[in-house]
Amino acid sequence: MELGSKFVYLGNEEEDEEEIYCYGEDDLVLSDSDSCSDDDGETCLLDILDTAGQEEYSSLRDISVRTGDGFFIIYSITDTESFNEAEAIHSWLKRVKGEEPVAILVANKQDLDYEAVVTNDQGKALAAKLGVKFFQTSAKTGQGVNDAMTGLVTDIPRSGLDYKIVMLGSGAVGKSSVTLRFVNNTFVDDYDPTIEDSFRKMIKVKGITTMKKEEKKAAKKGKKLKKKAAKASKSGSGVRDLSSSPSDNIAIVRSEQRRPRSRNFFGNVKSAFGFGSSLKQAPPPPPSTLCVAEKTSNKKKIKTTKTDGNVILISLRDLANEPNLVTGDPITCKNCQAVLTGTSILIINGETSSWTCEFCGYMTTDLNISEDEIPKGESIDFMLSPATKVSSQNEAAEAEAPEKKVTPGTIVYCMDISSSMNAVCHMPESQAAWREERNFGAGQITRVTRLDCIQRAVVRLIEQLKLEEPEKKVLLTVFGSDVEVKAGGTSETKPSFVNLENKTMTELLDMGLNMANSYPLVPIEQSHESMDTAVRALSTRGCTALGPALSLCMGYVSKTPSSEVVLCTDGEPNVGIGSRRGIPTDFYRQIGTYAREKNVTVNILAMEGASVGLQTVSQAAELSGGTTNKLNPAEIVRQLRLIAQNEVIANYVTVTFFLHPDFVFDEPDFADNLSRLEKEVGAVRKETDLSFRFKLKDPSKSKSVKNVPFQVQIVYTRNSDGMKCLRVLSKSTEATRDRQRMEENINVAVMGVAAMKTTANMAKAGQGIQAQQHLKNVKRLVKRGARSSEQLEERLAFNAEAEDWDDELFDNVGSYVLPQTMSDRSMAMVQQVGFTNKMRQAAVSSKMDAVFNRKMKPQTKAAYYQYKDD
């Protein structure tokens, strides 16, 4: 449990108002809350994107490259191919950015000079050819890493404190290792190469050339225009329907000269991701009702109330940790069920004692407990029922190599194969340019359908699952007008379901449950070949029976807690329950609630280029604790991988939050005057965070409050061993009426996460303008309060995380007025903003424990690096 500030703020009328500028018609805030602090000419806040070893397309990397200030181009002196690709990367950067990039060439793994196949003279010659500086580094020893970074920064024209740095290079050259050595002086060897992440670091660099004021303004304006163009290009994925074309729907434009170690994904005819200039199209302009210039010219000054740090964040990822078990049963208040903890005050009365509950005032007498017997610590666990199996954590502790054990539950891939999946996608231009540069102009240029994207993604993922979790059970289902099982079990007879138009949700759930009994699954190591064959053979047909397919899959896993359904689709449901003509209209809310009760999560991946009706469909994911994404088909590979990494860590989770009686919750979807809140969460993933704002119930009583207690009770069942526990989090915090004292002690990451979650809820409730105002309000608070290196690093992370959301609310606030008419793009953005977690915004020192746990089996890593999809 973390608070937004070290001090609970009680308010001070003299200090709580401020003047801000707003757009005259709709009160959108035009503040300078995003601008940098005073520039001393030497302080640099680096926002470093580690692109890891991913071949898969990433919109985050795409936008970062287009708007990045400086680039590490890294190769390994033990790998000739990585050296050759370094030149291709530089050429690609010039094409993507449309200008000469500020970059350095880095020869990494100098500690392995005895294995070198690329000499440093060769590196210097290439750097001279490219017109960039050359550095020699070793992430293992730290040699040259800091010099390389400062050398790059000094070459970047200074427009402010913030610098965007992007780490680039082919697989296994040590991009992550170099990044972590720089930001934390740490060497990590067995790092999972599929994880893309950002790290922030504040450093001092002398000798920087500072731009003139006019140049700074021009540079900042140029960055904004580049980002808008990149975002527009990302969303402008054109498609063409080929449903009436021959079955072989990929037209080869020209053939490919393959590289020696690569392999073609679909053989000589089909290749999923080689694209060139013949498919380019002008991106559409970003949607906006009025341009920024028009809004800033019609501004007014208004008074507003400042926000505060009265926020609490609960990171449920901690449920994966070993419980801090205490003996005996918890002593609870008979009135409100709060637990007696170290923050409680015990009154000793001879041989007995009494306790007046700090949350409701009820007195419990005749307690046979002493002060020493009260459970101490901010986090304690009571075991409610014992473990049902051996903990995988204990098993892993005995292993020499990092090994990811099988996680409970079944994965169901539910894939749309309706006729619209035959539409051709115009893939991201930067991805097309990279394929062409990497193959020295001889890259194959093809067109690709949405179905091909899903095929590629699922094949990649089941390959990784086979290596990482060979005992995992996976079911592959597809749906058009009908629903059909394709692979996962041993039976040669695959279940199929037709005539689903008039089936009810209950009937479909029962059909799915019966299928679970008649079609048992086998581990992925046994079903992998048949699943791979089935995926590659998929073809399109029919309409979109999304609701029946989801219901059948939910019924199948309803007896298997910790399962998840991953549903990929590209169109609105139009067959059976859940369709636009379906009854009941709240089907997706019902199925989401059912999933939560059964501890099953639903994840929905919707493809750009078609309407899915996410304003209703997304409820199934939201209520079950799953994710919703609207994304370019090229990014599905990466998104499926992210879902797999964000595994379920606990089941049957219920959270009860207790506030001091003088305080109430302050959230848009909570009832007024509420001091106790119970939330049924269901299954919890490791990236799940909960946040709550609170306020004084009656500000006139603020002078009587000295210390404020908080308690959170979490009932959960551990995924690793089945133990059921009650975790009690308790804290007591000093209160203050001194605004400056509160602001200078803010926890920026907590404030940032809470702001994103709160504004997502506001937008979802149709309060788009209020969401924009609140987000800017928090940004101003963070700007006033952030002073330490950690606070400034987290402020940079918060601003980067919130940048797209802030722009979206400013440009398209009208999209967040009527929730029932919200577009797919708007709904997907709301869902993603609402799933923000602290690890994305935390300073390096706070996230290193999570980083050290990002391990991958050596054989899985080897297979990942060997795979090439040309």
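Residues of segment 329-347 being touching a residue at least 12 places away in the same chain (Cβ under 8 Å) and of a type outside the set (A, V, I, L, M), which ones? Reasoning before the result, please.
Applying the first criterion (touching a residue at least 12 places away in the same chain (Cβ under 8 Å)) to segment 329-347 yields 329-331, 333-346.
Passing the criteria: Asp329, Pro330, Cys333, Lys334, Asn335, Cys336, Gln337, Thr341, Gly342, Thr343, Ser344.
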Tally of residues being in a helix (DSSP H, G or I) and either surrounded by fewer than 21 Cβ atoms within 10 Å (Cβ to Cβ) or charged (D, E, K, R) (or both) across segment 822-843
7
Working only within segment 707-734, note down all residues that are among the small types (Gly, Ala, Ser) and either in contact with a helix residue (DSSP H, G or I) (Cβ under 8 Å, 6 or more places away or on another chain) or free of Cβ contacts under 8 Å to residues at least 12 places away in the same chain (or both).
Ser720
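Restricting to segment 522-547, and then to whatever is of a type in the set (D, E, K, R) and in a helix (DSSP H, G or I), can you tell me which residue is farthest from the chain's Cα centre (by Cα)? Walk me through it before giving the result.
Initially, segment 522-547 is screened for residues of a type in the set (D, E, K, R), giving 525, 529, 532, 536, 541.
Those left that are additionally in a helix (DSSP H, G or I): 525, 529, 532, 536.
Numbers: Glu525: 29, Glu529: 31, Asp532: 28, Arg536: 29 Å.
Only one residue tops the list, namely Glu529.
Looking at Phe182, Phe134, which one is within 15 Å of Phe71 (Cβ to Cβ), more than 22 Å from the chain's Cα centre (by Cα), among the aromatic types (Phe, Trp, Tyr) and surrounded by fewer than 21 Cβ atoms within 10 Å (Cβ to Cβ)? So that I can check it myself, show each step before the final result.
Working: Phe182 fails: surrounded by fewer than 21 Cβ atoms within 10 Å (Cβ to Cβ).
Checking each option against the conditions leaves just Phe134.
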Six or more apart or on different chains, Cβ under 6 Å: which pairs go from a residue in segment 120-140 that's farther than 9 Å from Ile104 by Cα to one that's among the β-branched types (Val, Ile, Thr)? Could you list them?
Thr137/Val106; Thr137/Val145; Ala139/Val178
On the given criteria, is Gln143 modelled with pLDDT of 90 or more and assigned to a helix (DSSP H, G or I)?
no
Return the residue satisfying two criteria in turn: it lies in segment 695-722 and is under 22 Å from Thr305 (Cβ atoms) and in a loop (DSSP other than H, G, I, E, B), and of such residues it is modelled with the lowest pLDDT.
Val705
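Kindly evaluate Ser551 against the criterion of being among the small types (Gly, Ala, Ser), assigned by TED's automatic domain parsing to the domain that holds Ile604 and over 15 Å from Glu484 (Cα atoms).
Details: among the small types (Gly, Ala, Ser): yes; assigned by TED's automatic domain parsing to the domain that holds Ile604: yes; over 15 Å from Glu484 (Cα atoms): no.
No; evaluated as a whole, the condition is false for this residue.
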Can you confirm whether Ala802 is part of a helix (DSSP H, G or I), at pLDDT 90 or above, surrounded by 21 or more Cβ atoms within 10 Å (Cβ to Cβ) and out of contact with any Asp or Glu (no Cβ under 8 Å at 6 or more places or on another chain)?
yes
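Taking the condition closer than 29 Å to Thr717 by Cα, touching a residue at least 12 places away in the same chain (Cβ under 8 Å) and among the polar types (S, T, N, Q), does Ser562 pass?
yes
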The one condition in (1) farther than 26 Å from Ile369 by Cβ; (2) modelled with pLDDT of 90 or more; (3) of a type outside the set (A, V, I, L, M, F, W, C) that Thr296 fails to fulfil
(2)
Under 6 Å by Cβ, and 6 or more places apart or on different chains, what pairs join a residue from segment 484-504 that is outside any strand (DSSP E or B) with one that is among the β-branched types (Val, Ile, Thr)?
Gly488/Val474; Thr490/Val522; Lys494/Val485; Pro495/Val485
Count, please, the residues in segment 1-39 that happen to be modelled with pLDDT under 90 and of a type in the set (Phe, Trp, Tyr).
2
Criterion (surrounded by fewer than 23 Cβ atoms within 10 Å (Cβ to Cβ), under 24 Å from Gly609 (Cα atoms) and of a type outside the set (Gly, Ala, Ser)) met by exactly one of Asp811, Asp849:
Asp811
Pick from segment 548-591 the residues that are modelled with pLDDT under 90 and among the basic types (Lys, Arg): which of them is farthest from Gly613 (Cα to Cα)?
Arg581
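Filter segment 48-92 down to the residues that are small (Gly, Ala, Ser), in contact with a strand residue (DSSP E or B) (Cβ under 8 Å, 6 or more places away or on another chain) and in a helix (DSSP H, G or I) and list them by number.
Taking segment 48-92 first, the residues small (Gly, Ala, Ser) are 52-53, 58-59, 64, 68, 70, 76, 82, 86, 88, 91.
Right, trim to in contact with a strand residue (DSSP E or B) (Cβ under 8 Å, 6 or more places away or on another chain) and you get 52, 59, 64, 68, 70, 76, 82, 86.
The answer is Ser59, Ser64, Ser82, Ala86.
Looking only at segment 86-95, which residues are in contact (Cβ under 8 Å) with a residue 24 or more places away in the chain, closer than 17 Å to Lys133 by Cα and not polar (S, T, N, Q)? Show your work before the answer.
First, the residues of segment 86-95 that are in contact (Cβ under 8 Å) with a residue 24 or more places away in the chain: 86-93, 95.
Imposing the further condition that a residue be closer than 17 Å to Lys133 by Cα reduces the set to 86-91, 93.
Across segment 86-95, the qualifying residues are Ala86, Glu87, Ala88, Ile89, His90, Leu93.
The values are calculated or read from the model by the stated rules, or taken from the named source; none is laboratory data. Everything quoted here is computed from the prediction, not taken from an experiment. No Cβ is skipped: glycine too gets one built from the backbone with ideal geometry, and neighbour counts run over all protein chains shown.
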